[in-house]
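J.: One structure is given below, represented as C-alpha cells, and several questions about it will come after.
The values are calculated or read from the model by the stated rules, or taken from the named source; none is laboratory data. What you see is a predicted model; the values in this text were computed from it and never measured. So basically every Cβ, Gly included, is an ideal-geometry build from the backbone, and we count neighbours across all protein chains shown. Protein only, heavy atoms only, side chains kept; ligands, DNA and RNA dropped before computing areas. Shrake-Rupley method; radii C 1.70, N 1.55, O 1.52, S 1.80 Å.
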Amino acid sequence: RSSDLNPIETYLLGSCASDRNIVLYDMRQAAPLKKVILEMRSNSLCWNPMEAFVFTVANEDYNLYTFDMRFLDTPTKVHMDHVSAVLDVDYSPTGKEFVSASFDKSIRIFPVDKGHSREVYHTKRMQHVISVKWSSDNKYILCGSDEMNIRIWKANASEKLGVLAPRERAALQYHQKLKEKFQHHPQIKRISRHRHLPKAIYSQMKEQRVMKEARRRKEVNHRRHSKPGSVPFTAEIGRA
C-alpha cells in the first residue's frame, strides 16, 4: 500500500502491505531485512529525516505507531486522538513533529515524543483527508481531501507570516517566553490545550473514552477473579 525510502540511509526501504505487515528492505540484499505484523492494516509509512532508525506508520485502528527499526517488538510511542482510520503521515524537516491525515476529516500535528496531538485542523467543507505533506521550509502543511481540494495550513497556527518590525518581533518573543514561564499554571494549561472540535469528532472521542474505560474495568475484574499471575498486565504500547 505504501513505501518510503530512508532519507539518511538511502538503501533502506520501508513498506506497508495489505496483509498487516510492515517490511524493511536493504536494497543491497535480495531478502527482506526485518518484518513486523500489527493487529490492523497500516496505510502509510514515513521515516524521521533526522533519526535514521525511526519511522512512523499510520494505522487503521485510529492510531499512529513510532518504531525504532532496531527494536521492532514494541513501538516506542503510540499516538492517539484520531477517531477514524489514519490514512497518511509526513514528518517535519526538523524531525521533531509529524502531521497525520485521517478519514475523520481532520489533520493533526503530533510531537514525536508525545502520545497526543498539539494541534488539530478541520473545516466544515473538508471531507476525508487522503494525503498530507509538510513543506521543506517548515512553515506550511498541505493536505488533499475527498472533495478534490488542496489546502495549505500554517505549521504553527498563531505564527505571523511576512516581515516583522523589530518591536513587533520583540513583543512576540516576550509573549512566547511568558507562555513558557507559566505553562504549568492550570488555567494557562487549559487555554493552551483547548481546541474546538466538530460535534461528530467530539462525540466519537467521548464514546471511545467510555469504551476504553469499559475494557479496562473488564480486565481489572478478570484479573481480580483469576488465579494470581494468570492474567498479565499489558500496557497500551504493547497492544499493537
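J.: May I ask you to list the residues in the range 188-207 that are assigned to a helix (DSSP H, G or I) and closer than 19 Å to residue 104 by Cα?
T.: 199, 200, 201, 202, 203, 204, 205, 206, 207 - these are the residues of the range 188-207 that are assigned to a helix (DSSP H, G or I) and closer than 19 Å to residue 104 by Cα.
J.: Which of the residues belonging to the range 180-201 are at pLDDT 90 or above and basic (Lys, Arg)?
T.: 181, 199
Residues are listed down the side, and each one gets a yes or a no for (1) polar (S, T, N, Q); (2) under 11 Å from the mean Cα position of the chain (by Cα); (3) closer than 30 Å to residue 198 by Cα; (4) at pLDDT below 95:
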{"position": "27", "(1), (2), (3), (4)": "no, no, no, yes"}
{"position": "36", "(1), (2), (3), (4)": "no, no, no, yes"}
{"position": "51", "(1), (2), (3), (4)": "no, no, no, yes"}
{"position": "78", "(1), (2), (3), (4)": "no, yes, yes, yes"}
{"position": "104", "(1), (2), (3), (4)": "no, no, yes, yes"}
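J.: Only one of (1) modelled with pLDDT under 95; (2) under 21 Å from residue 57 (Cβ atoms) fails for residue 158. Which number is that?
T.: Every listed condition holds for residue 158 apart from (2).
J.: Any residue that is of a type in the set (Lys, Arg) and open to solvent by less than 20 Å² (accessible area, probe 1.4 Å) - is there at least one of those in the range 101-115?
T.: Yes: one or more hits.
J.: Quick check: is even one residue across the range 124-145 out of contact with any helix residue (DSSP H, G or I) (no Cβ under 7 Å at 6 or more places or on another chain), closer than 12 Å to residue 82 by Cα and open to solvent by 80 Å² or more (accessible area, probe 1.4 Å)?
T.: Scanning the range 124-145, I find no residue that is out of contact with any helix residue (DSSP H, G or I) (no Cβ under 7 Å at 6 or more places or on another chain), closer than 12 Å to residue 82 by Cα and open to solvent by 80 Å² or more (accessible area, probe 1.4 Å), so the answer is no.
J.: Among the residues that make up the range 164-187, is at least one of them assigned to a loop (DSSP other than H, G, I, E, B), closer than 23 Å to residue 77 by Cβ and within 20 Å of the chain's Cα centre (by Cα)?
T.: Within the range 164-187, none of the residues are assigned to a loop (DSSP other than H, G, I, E, B), closer than 23 Å to residue 77 by Cβ and within 20 Å of the chain's Cα centre (by Cα).
J.: Against the conditions (1) open to solvent by 70 Å² or more (accessible area, probe 1.4 Å); (2) over 26 Å from the mean Cα position of the chain (by Cα); (3) more than 26 Å from residue 111 (Cβ to Cβ), where does residue 148 fall short? Just the number, please.
T.: That leaves (2) as the condition not met.
J.: For the subset of the range 12-54 comprising residues that are open to solvent by less than 70 Å² (accessible area, probe 1.4 Å) and in a loop (DSSP other than H, G, I, E, B), which member is farthest from residue 73 (Cα to Cα)?
T.: Top of the filtered list is 49.
J.: Do the conditions hold for residue 210, that is, is it exposed (fewer than 12 other Cβ atoms within 10 Å of the Cβ) and either modelled with pLDDT under 90 or in a strand (DSSP E or B) (or both)?
T.: no
J.: Additional query: Test residue 237 against the stated conditions and say whether it is modelled with pLDDT under 85, within 20 Å of the chain's Cα centre (by Cα) and either farther than 30 Å from residue 38 by Cα or not in a loop (DSSP other than H, G, I, E, B) (or both).
T.: Against the criterion (modelled with pLDDT under 85, within 20 Å of the chain's Cα centre (by Cα) and either farther than 30 Å from residue 38 by Cα or not in a loop (DSSP other than H, G, I, E, B) (or both)), residue 237 qualifies.
J.: Among the strands (runs of 3 or more DSSP E) contained in the range 61-158, which hold 1 or more residues that are among the polar types (S, T, N, Q) and within 21 Å of residue 14 (Cβ to Cβ)?
T.: Output list reads 64-68, 97-102, 129-134.
J.: A further question on this structure: So, residue 55, is that one touching a residue at least 40 places away in the same chain (Cβ under 8 Å) and in contact with a Leu (Cβ under 7 Å, 6 or more places away or on another chain) or not?
T.: The answer is yes for residue 55.
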